[in-house]
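Just below is one structure, and these are the notes that go with it.
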Amino acid sequence: MTSLPVSIDDVRAAHDRIKDAIVHTPTLYSRTLSDITGAQVWLKFENHQFIAAYKERGALNTLLQLPADTPGVIAASAGNHAQGLAYHAHRLGIPATIVMPRTTPIVKVTQTEGHGATVVLHGETFDDAHAEARRLEAAQGLTFVHPFDDPRIIAGAGTTALEMLHDAPDIDLFVTPIGGGGLISGMATVARAWSHPIGVVGVEAELYPSMYNRTRHTQLPCGGDTLAEGIAVKEPGRVTSAIVEALVDEIVLVSERSLEKAVSLLVQIEKTVVEGAGAAGLAALLQHPGRFAGRKVGLVLCGGNIDTRLLANVLVRDLARSGRLARLKIRLQDQPGALFKLAGVFDAERVNIMEVYHQRIFTSLPAKGLITEIECETRDGAHLDRLITAIRAAGYDVQLMELG
C-alpha cells in the first residue's frame with residue numbers, strides 16, 4: 001500500500017496537542033436505538049463541543065502548528081469549519097478571516113463574527129467565496145485553512161475515534177458521515193491501526209454521492225436541497241479521497257426521509273439536537289438494518305447546528321408519518337349542526353382536534369356541499385385507523401392527506 005499522508009501517530013500527537021482545549025465528549029450506549037436498529041449502538045456526542053461540532057478538533061490542531069509569526073488565517077466556509085476556526089484563532093490571538101457567500105443565513109454570519117473573526121461576504125456560491133479566499137490569501141499573506149483536505153485537519157478529526165475507543169473499547173465498526181472526507185479519513189486511520197479489527201463504513205446523502213462516485217467510478221447526480229447540508233459536498237478532497245479508497249470498506253447512501261427520521265429519533269430518545277449531517281450514521285442503520293445487525297457500532301453525532309424552524313418542521317413531519325398528527329379531508333353538507341355532529345365522532349374516539357379548515361368556494365361539490373379539513377392528534381397509527389373507520393361508519397366520505 002502506498003504510504004498515506006496521515007498515520008495513527010499523527011492522530012495521537014494531535015490529541016496530545018488539543019486535548020486541554022476541547023471537550024472530551026461522552027460516548028454512550030443507547031439501549032433504545034440498539035433495540036430499534038438491531039445493532040449495538042454507541043453515540044459520541046460531538047454536538048456538545050463549544051461550537052456544537054467536531055470541526056474544532058482539526059482547526060485547533062492546524063492552528064497550533066502554524067509559525068509564531070503567522071499574520072493570520074483565512075478560510076471559505078458557511079458552516080461549522082468557519083466557527084471552529086474563528087473560535088480557536090481568537091482564543092490563540094491569531095487574526096481570522098472567513099469568506100462566506102452573500103447568501104449565507106445571517107445567523108451564521110453573526111455566530112462567526114461573535115467568535116472574533118472578520119467575515120467577508122462575497123459571491124453567490126461557495127465556489128465564489130473559495131476563489132475570493134484564495135485571492136485574499138495571496139494578497140495579504142494569510143494562511144489558508146482547508147475545511148477537510150489537509151493532513152492536520154484529518155489528524156485532528158481522527159482524535160474523535162481515539163476518544164470513542166477509550167470510552168467504548170468493544171466498538172467493531174465506525175459508521176461515519178462523509179462530506180469532504182476529513183472526519184472519515186481520520187476515523188479510518190485510527191481504525192486500521194487499532195489492536196482489534198474495526199470496520200469503517202461511510203454515509204452520504206443520496207442527493208450528494210460525491211465520494212461514492214469518486215471511489216466507485218459512477219456518475220450519480222449530485223445536487224439539491226438536503227437536510228444534511230453539512231455533508232452536501234460536490235467535490236471530495238484529493239487527500240481524503242486517497243485515504244477513503246485505501247481504508248474505507250463501503251459507502252452507503254441515505255434518503256432524506258431516513259435523515260429526517262434519525263434527527264427526530266435522536267431528539268425523542270436521546271434528548272439531543274443534531275443537524276442532518278450529524279444524524280447520517282443513524283440514518284444508515286435505519287435504512288440498511290441488515291448491513292449492521294449484530295455489529296458493535298460507533299456513531300459520531302458530528303454536529304448540532306440546525307436551524308430551529310427546520311428542526312420543528314422535521315419533528316412535526318415525523319409525527320405525521322407515525323400517525324400521531326393527521327389532516328383529514330371530509331365531505332359535509334353545508335347546514336347547521338353538520339360540524340357539531342362530526343366532532344362527536346372525534347370525541348367518541350378521544351381524538352384531539354387541533355385545526356379546522358372549511359372550503360366552500362374552491363371545490364367541485366354542489367353549492368350546498370363543503371369540504372372540511374381537520375388537523376387532529378392521535379396516540380399512534382392504530383388510533384388514527386380507528387378514527388377513520390368510525391368516521392366512515394357515521395356516513396362521511398373521508399380521505400387521509402398523506403405526506404410525500
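Carbon and sulfur atoms: what percent of the 1.4 Å accessible area of the chain do they account for?
C and S atoms contribute 51 percent here.
I want to verify a result. In a Gaussian network model of the chain, Cα cutoff 10 Å, which of these has the top mean-square fluctuation: Ile171, Ile106, Ile231?
Largest GNM mean-square fluctuation: Ile106.
Report the Cα-based extents of segment 263-350 along its three principal axes, largest first, to the nearest Å.
Over segment 263-350, Cα extents along the principal axes are 60, 31, 19 Å.
Express in whole angstrom the spacing between the alpha-carbon centres of segment 190-264 and segment 33-69.
17 Å
Return the whole-Å distance between the Cα centroid of segment 130-155 and the Cα centroid of segment 157-185.
Value for the Cα centre distance between the two parts: 25 Å.
Taking the convex hull of the alpha carbon atoms in the chain, what volume per residue do you get, in Å³?
In the chain, the Cα hull volume divided by residue count equals 166 Å³.
Kirkwood-based Rg over Rh for segment 250-295 (C-alpha set), two decimals?
With Rg and the Kirkwood Rh in hand, the quotient comes to 0.97.
Pop the C-beta distance of Leu66 and Asp35 into the FRET formula with R0 = 56 Å and round what comes out to the nearest 0.05.
About 0.75, to the nearest 0.05.
What residues qualify as long-range amide H neighbours of Gly72, i.e. H under 5 Å apart, gap of 5 or more or another chain, H built at 1.01 Å from N?
It is Thr143, by chain and number.
Which three lengths, in whole Å and largest first, does segment 98-254 cover when its Cα atoms are put on their principal axes?
Sorted from largest, the Cα extents of segment 98-254 read 47, 34, 28 Å.
Under unit Cβ charges (Lys, Arg +1; Asp, Glu -1), what dipole magnitude, rounded to 20 debye, does segment 33-179 have relative to its Cα centre?
Taking the Cα centre of segment 33-179 as origin, the dipole is about 380 debye.
On a 0 to 90 degree scale, rounded to 10, what angle separates helix 80-92 from the longest Cα axis of the chain?
50 degrees
Positive end of the dipole of segment 139-193, charges at C-beta (+1 Lys, Arg; -1 Asp, Glu), about the Cα centre: which of Ala193, Gln140, Pro177 has its Cα farthest in that direction?
Projecting each Cα onto the dipole axis, the largest value belongs to Gln140.
Between Ile153, Ile371, Ile184, where does the largest GNM mean-square fluctuation fall for the chain, given springs only between Cα atoms within less than 10 Å?
Residue with maximal mean-square fluctuation among Ile153, Ile371, Ile184: Ile371.
Around Ala155, with a cut-off of 12 angstrom between Cβ atoms, what is the net charge of the other residues, counting Lys and Arg +1 and Asp and Glu -1?
0
Please grab the % of Cα pairs in segment 1-155 that end up more than 27 Å from each other.
Across segment 1-155, Cα pairs with separations above 27 Å total 31 percent.
Starting from segment 124-174, pick out the GluC sites (Glu not before Pro) whose DSSP state is loop and whose Cβ has at most 13 other Cβ atoms within 10 Å.
Glu124
Enumerate the amide H contacts of Thr104 below 5 Å, restricted to partners 5 or more residues apart or on another chain; note that Pro and chain-start residues carry no placed amide H.
Amide H to amide H, under 5 Å and 5 or more residues apart or across chains, Thr104 pairs with nothing.
Give the angle, between 0 and 90 degrees and rounded to the nearest 10, that separates the Cα long axis of helix 151-167 from the longest principal axis of the Cα atoms of the chain.
The two axes meet at around 70 degrees.
At 1.4 Å probe radius, can you tell me the per residue accessible area of the chain in Å²?
45 Å²
The values are calculated or read from the model by the stated rules, or taken from the named source; none is laboratory data. These numbers were taken from a predicted model, which means no experiment stands behind them. For neighbour counting, all protein chains shown are included, and Cβ atoms are generated from backbone atoms with ideal geometry for every residue, glycine included. Accessible surface is based on the protein model in full, side chains and every heavy atom, while ligands, DNA and RNA are left aside. Shrake-Rupley method; radii C 1.70, N 1.55, O 1.52, S 1.80 Å.
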